Amino acid sequence: MSFVEYKTEGHVGIITMSREKALNAINDQVLDDLEAVLDGVDLENIRALIITGAGKKAFVAGADIASMADMPSEDGVKFGRKGNELFLKIERFPIPIVAAVNGFALGGGCELALACDIRIASDNAMFALPETGLGIIPSFGGTQRLPRLINVGIAKEMLYTGRRVMADEALKFGIVNAVYTQDELMDKAMELANRIASKAPIGVRAAKAAVNGGLQVSIDEGIEIELENSAKGFGSQDQRNAMHAFVEKRKPDPFINK
Ligand code: DAK
């Protein structure tokens, strides 16, 4: 049995963290299952992914505290390394990933959402990094990604105090792009993913690579990264198709990712 479900609708892949009894908490098997799903995504056809949590209560309530409680330190290191490699894979995944945060996004769950490109939330969503209260720190990238995303002072307050941030505050702080009712969330996530999927995949993938690459370096290096990625679109069939359609005042033919 897998703790991570995957289905597709058109050009969109939907990943559901499915360990509902433990509020979708992440243990070693969840990491393996999520990695297997990502490795199986058909990048020829799929243009955007959504990650959400099973049930009405949680996106992911964190790393599995029960399995970590008496974990020998070498296992802790292995678990940490595996988690971090996977979250980097999510961040660097060639196509955009939207986190549809449908409830608790705590600890490792908050970090999973932070590794995604875009976050939207339901009105019952809650974000927090409670690790200092457990005698550790967020170690799936939370100390690095949160302060890169939002105001550093707010990020530090969340990190030092474990402050729980509800959906409306998460919107105000810039953690999420939008908040919807629970019933609306998945439709809105699909709408967003489909809007991404309607654009030329070469362009979208190059934009993701340019933004992510540029965020880590100086503006001069960032401009170089942008130019390298810009070259991927020029000369492609999708670019010719779209630009000729504009000039000829017609709609472009469907994009073919070539
Ligand atoms: N781990 C394991 N089980 C969890 C869980 C978690 N994080 N969160 C919830 N559950 C389980 C509960 O134990 C309970 O199981 P049963 O008792 O039914 O068997 C079930 O889910 C339902 O939870 P509750 O009964 O507690 O439900 P409530 O509505 O009353 O409360 C809650 C919901 C989310 C407020 C509460 O469950 C809670 O506080 N959960 C823990 C949240 C949390 O502290 N999360 C952060 C975990 S620490 C590392 C890398 C990363 C990390 C650590 C190290 N290295 C690189 C080494 C990451 C750390 C974390 O994420």
Notebook entry, point to check: Among the residues of region 101-110, is there at least one that is within 8 Å of the ligand (Cβ to nearest atom), at pLDDT 95 or above, surrounded by fewer than 24 Cβ atoms within 10 Å (Cβ to Cβ) and over 13 Å from residue 165 (Cβ atoms)?
Noted result: no
Next item on the list: Of the numbered conditions (1) more than 15 Å from the chain's Cα centre (by Cα); (2) buried (at least 22 other Cβ atoms within 10 Å of the Cβ); (3) among the β-branched types (Val, Ile, Thr), residue 8 fails exactly one; give the number of that condition.
Entry: (2)
Notebook entry, point to check: What residue, among those in region 225-243 that are more than 25 Å from the chain's Cα centre (by Cα) and of a type outside the set (A, V, I, L, M, F, W, C), is nearest to residue 198 (Cα to Cα)?
Noted result: 238
Item checked: Criterion: touching a residue at least 60 places away in the same chain (Cβ under 8 Å), within 15 Å of the ligand (Cβ to nearest atom) and aliphatic (A, V, I, L, M) - qualifying residue of 95, 26 -> 26
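Each row is one residue, and each column tells you yes or no for (1) buried (at least 17 other Cβ atoms within 10 Å of the Cβ); (2) in contact with an Asp or Glu (Cβ under 8 Å, 6 or more places away or on another chain); (3) among the hydroxyl-bearing types (Ser, Thr, Tyr).
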residue	(1), (2), (3)
134	no, no, no
155	yes, no, no
201	yes, yes, no
211	no, no, no
Item checked: Set 77, 41: member being near the ligand (Cβ under 10 Å from one of its atoms), among the β-branched types (Val, Ile, Thr) and either within 14 Å of residue 5 (Cβ to Cβ) or free of Cβ contacts under 8 Å to residues at least 12 places away in the same chain (or both) -> 77
Next item on the list: Mind counting the residues in region 203-221 that are without any contact (Cβ under 8 Å) to a residue 12 or more places away in the chain and assigned to a helix (DSSP H, G or I)?
Entry: 4
Note to self: Among (1) crowded, with 18+ Cβ neighbours inside 10 Å; (2) within 7 Å of the ligand (Cβ to nearest atom); (3) among the small types (Gly, Ala, Ser), there is one condition residue 121 misses while meeting the rest; what is its number?
What the structure shows: (2)
Next item on the list: Consider residue 31 carefully, then state whether it is out of contact with any Asp or Glu (no Cβ under 6 Å at 6 or more places or on another chain) and near the ligand (Cβ under 9 Å from one of its atoms).
Entry: no
Next item on the list: Could you check how many residues of region 48-72 are near the ligand (Cβ under 10 Å from one of its atoms), hydrophobic (A, V, I, L, M, F, W, C) and either in a helix (DSSP H, G or I) or under 17 Å from residue 120 (Cα atoms) (or both)?
Entry: 7
Margin query: So residue 1 passes all but one of these: (1) more than 11 Å from the ligand (Cβ to nearest atom); (2) at pLDDT below 95; (3) surrounded by 16 or more Cβ atoms within 10 Å (Cβ to Cβ). Which condition number does it fail?
Written below: (3)
Check: Does any residue of region 124-136 turn out to be within 12 Å of the ligand (Cβ to nearest atom), closer than 23 Å to residue 34 by Cα, part of a loop (DSSP other than H, G, I, E, B) and free of Cβ contacts under 8 Å to residues at least 60 places away in the same chain?
Finding: yes
Check: Within region 11-49, can you find the residues that are among the charged types (D, E, K, R), within 21 Å of residue 109 (Cβ to Cβ) and surrounded by 18 or more Cβ atoms within 10 Å (Cβ to Cβ)?
Finding: 19, 33
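Conditions tested, residue by residue: (1) among the basic types (Lys, Arg); (2) more than 19 Å from residue 33 (Cβ to Cβ); (3) assigned to a helix (DSSP H, G or I).
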position	(1), (2), (3)
74	no, yes, yes
77	no, yes, yes
80	no, no, yes
84	no, no, yes
89	yes, no, yes
95	no, yes, no
100	no, no, no
105	no, no, no
110	no, yes, yes
Notebook entry, point to check: Among the candidates 162, 153, which residue alone is of a type outside the set (Lys, Arg), within 11 Å of the ligand (Cβ to nearest atom) and more than 19 Å from the chain's Cα centre (by Cα)?
Noted result: 162
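The values are calculated or read from the model by the stated rules, or taken from the named source; none is laboratory data. This structure is a prediction, so every number in the text was calculated from the model and none was measured. All Cβ positions, glycine included, derive from the backbone under ideal geometry; neighbour counts span all protein chains shown.
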